[in-house]
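The values are calculated or read from the model by the stated rules, or taken from the named source; none is laboratory data. Just so you know, these numbers come straight off a predicted model, no measurement behind them. Every residue, glycine among them, receives a Cβ derived from its backbone with ideal geometry; neighbour counts consider all protein chains shown. With ligands, DNA and RNA removed, areas are computed over all heavy atoms of the protein, side chains included. Shrake-Rupley method; radii C 1.70, N 1.55, O 1.52, S 1.80 Å.
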Amino acid sequence: MALLPLPEVADRLGLVVTRVHQMLRDHQLLAVRRDGVIGVPERFFDDEGVVRFLPGLITVMKDAKYTDEEILEWIFTEDESLPGRPVDALHGPLAREVLRRAAADPF
């Protein structure tokens, strides 16, 4: 999973880095710490910014009491019935199906 450091996320979104920190606190994004550096998965973005349905997906799963680690695991795990990974499906016509599955208890 390719990660973007928070300053790069801020640049990509046209925001100050403190606003990216707020997005993380508000669960609009998730981040991973790798080798001491906090980064956001690159697949969470498209040409317009944050993938449209990602904040809603995170909210649905947080409301169901999933941890950030569990959410990331589910988003990046292959699902043959999609086909592919939920994070990839968020970029296409199956985005609403990903939300439906998350709401229906993904694990």
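For ASP46, all conditions in the list (1) touching a residue at least 40 places away in the same chain (Cβ under 8 Å); (2) over 12 Å from the mean Cα position of the chain (by Cα) hold save one; what is the number of the exception?
Only one criterion is unmet by ASP46, namely (2).
Search the stretch 15-33 for residues being of a type in the set (D, E, K, R) and part of a helix (DSSP H, G or I), and hand back the single one that is nearest to LEU4 (Cα to Cα). Even if it seems obvious, please write down each step before you answer.
If we filter the stretch 15-33 for residues that are of a type in the set (D, E, K, R), which is where we start, we get 19, 25-26, 33.
The next check asks that each one be part of a helix (DSSP H, G or I); those that pass are 19, 25.
Working: ARG19: 15, ARG25: 17 Å.
Checked the stretch 15-33; the qualifying residue nearest to LEU4 (Cα to Cα) is ARG19.
Filter the stretch 57-85 down to the residues that are in contact with a Leu (Cβ under 8 Å, 6 or more places away or on another chain) and assigned to a helix (DSSP H, G or I), then identify the one that is surrounded by the fewest Cβ atoms within 10 Å (Cβ to Cβ).
Applying the first criterion (in contact with a Leu (Cβ under 8 Å, 6 or more places away or on another chain)) to the stretch 57-85 yields 57-58, 60, 68, 71-72, 75, 82.
Adding the requirement that they be assigned to a helix (DSSP H, G or I) leaves 57-58, 60, 68, 71-72, 75.
Values: LEU57: 24, ILE58: 22, VAL60: 20, ASP68: 15, ILE71: 21, LEU72: 19, ILE75: 25.
The extreme case among them is ASP68.
Condition (residue is open to solvent by less than 80 Å² (accessible area, probe 1.4 Å) and touching a residue at least 40 places away in the same chain (Cβ under 8 Å)) applied to the stretch 14-32: is it met by at least one residue? Don't jump to the end; show me each part of the working.
The first filter runs over the stretch 14-32 and keeps only residues open to solvent by less than 80 Å² (accessible area, probe 1.4 Å), leaving 14-15, 17, 20-24, 26-32.
Checking which are touching a residue at least 40 places away in the same chain (Cβ under 8 Å) leaves us with 30, 32.
There is at least one residue in the stretch 14-32 that is open to solvent by less than 80 Å² (accessible area, probe 1.4 Å) and touching a residue at least 40 places away in the same chain (Cβ under 8 Å).
Which condition from (1) within 17 Å of HIS27 (Cα to Cα); (2) touching a Pro at 6+ places or on another chain (Cβ under 7 Å) is the one that VAL98 breaks?
Looking at each condition in turn, VAL98 falls short on (1).
Which pairs turn up if I take residues in the stretch 71-87 that are touching a residue at least 12 places away in the same chain (Cβ under 8 Å) and closer than 17 Å to LEU30 by Cα and look for partners that are among the aromatic types (Phe, Trp, Tyr) and assigned to a helix (DSSP H, G or I) with beta carbon separation below 8 Å, at least 6 apart in sequence or on another chain?
PRO86/TRP74; VAL87/PHE44
Within the stretch 46-56, track down each residue that is among the β-branched types (Val, Ile, Thr), open to solvent by 10 Å² or more (accessible area, probe 1.4 Å) and assigned to a loop (DSSP other than H, G, I, E, B).
Within the stretch 46-56, the subset among the β-branched types (Val, Ile, Thr) is 50-51.
Narrowing further to those that are open to solvent by 10 Å² or more (accessible area, probe 1.4 Å): 50.
Answer for the stretch 46-56, where residues must be among the β-branched types (Val, Ile, Thr), open to solvent by 10 Å² or more (accessible area, probe 1.4 Å) and assigned to a loop (DSSP other than H, G, I, E, B): there is none.
Find the residue count for the stretch 86-107, including only residues that are farther than 20 Å from ARG33 by Cβ, open to solvent by less than 70 Å² (accessible area, probe 1.4 Å) and assigned to a helix (DSSP H, G or I).
Result for the stretch 86-107: 9.
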